[in-house]
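Chemist: Sending over a structure as structure tokens; questions will come in a sec.
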Amino acid sequence: EKRGCIMKYLKDWKVHAFCFGMVLVSELIGSKPFKFGPVGFTLLPMLYALIIGIILAKMKLITMEMMTTAVPYITISVMYLTAKMSSTVGPNLETVFSAGPALLVTAVTKKLAVPLLAVPVGVLIFKMGRQAVGCGFSTSREDAIAIIGNMYGLDSPEGQGVMGGYITGTLLGTIFNGLMASLFCSLGFFHPYSLAIGAAVGSSSMMAACMGAIVEAYPQYADQIQAYTAGGQVIGSVTGMYVTLFLALPLANFMYRICKREPKPAKASANNKAE
């Protein structure tokens, strides 16, 4: 049994080799700042690794089987990231507690702003159906998939939407968040602490890309930025399921009915329930 277990993990050597190679190349390239007039942004190694992975997949050097094999290792990697992030919270607990209400309000606001803006764009511009509900209320986090899967099923239009949003957010959200954070940092309008709180949205990779760009712009506040981002992510995770289920999803359905000009579905009568 021990030999079989060793052989099983040795079969993953290609995954580890490609991962090591992509990380090595990305780190050798390093962070590259760009500036166009008043607007500037920074390309981070994480973005290079993602782009290299897409290119290798297009060249058929990375197969779907290898991608499936790599999925469990993502969880392990995120555990290290979470541990590192958590280690910055302790020394800055006083700072995090002082911003407690701001973190809570921001976590709730982000969940509600997404369906308020995204669902109309999906329905009115991209002419989506019920997929807009699943995609439009999600911030590319696992709690949205769990809720939609339980209420509608992942094979439903809502399930297709939430999975499409999750995959797209995971693939492109890292690049978008990194560029957007760099852009806002270059404007000089927002305080680095407010940017750090705002970075705590989406998946861990999206959060890390956003936070990395902010730390790059304000290295003197690195510990405080990481503490605010980690605190916002923790509060968002704790409140996310309830806010998503009781506020964000009903708001997404409401926005969908408004955009489609559909009447509110009638509640089942007592006689229908009895039947």
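Chemist: Give, as a single signed number, the net charge of other residues whose beta carbon lies under 15 Å from the beta carbon of TYR152, with Lys and Arg counted +1 and Asp and Glu -1. Don't skip to the answer; put the middle values down first.
Modeler: Working: positive: ARG130; negative: ASP143, ASP155, GLU158.
Neighbour charge sum, excluding TYR152 itself: -2.
Chemist: While we're here: Could you compute the net charge surrounding LYS110? Neighbours are other residues with a C-beta less than 15 Å from the C-beta of LYS110; K and R count +1, D and E count -1.
Modeler: Working: positive: LYS111, ARG141; negative: ASP143.
Computed value for this residue: +1.
Chemist: Order these peptides, 243-255, 127-139, 55-67, 173-185, by their mean beta-carbon neighbour count within 10 angstrom, highest first. Please list the in-between numbers first.
Modeler: Numbers: 243-255: 19.2, 127-139: 24.1, 55-67: 11.8, 173-185: 21.1.
Going from most to least packed, we get 127-139, 173-185, 243-255, 55-67.
Chemist: Further question on the same structure: If you find the alpha carbon centre of segment 168-219 and of segment 117-152, how far apart are they in angstrom?
Modeler: Result: 23 Å between the Cα centres.
Chemist: Between GLN220 and PHE254, what is the label-point separation in nm under the 7 Å Cα-to-beta-carbon projection?
Modeler: With each label point 7 Å from Cα toward Cβ, the separation is 4.4 nm.
Chemist: Near MET255, within a Cβ-to-Cβ distance under 14 Å, what is the net charge of the other residues, with Lys and Arg +1 and Asp and Glu -1?
Modeler: Details: positive: LYS111, ARG130, ARG257, LYS260, ARG261, LYS264; negative: GLU158, GLU262.
Its environment carries a net charge of +4.
Chemist: When the accessible area of segment 144-243 is split by element with a 1.4 Å probe, what percent falls to carbon and sulfur?
Modeler: 69
Chemist: Additional query: From zero outward in steps of 10 Å, how is the percent of C-alpha pairs of segment 173-225 spread across the bins?
Modeler: It works out to 30, 61, 9, in whole percents.
The values are calculated or read from the model by the stated rules, or taken from the named source; none is laboratory data. Everything quoted here is computed from the prediction, not taken from an experiment. Here the Cβ is made from the backbone with ideal geometry for all residues, glycine too, and neighbour counts use every protein chain on show. Ligands, DNA and RNA are stripped out before the accessible areas are found, and what is left, the full protein with its side chains, is counted by its heavy atoms. Shrake-Rupley method; radii C 1.70, N 1.55, O 1.52, S 1.80 Å.
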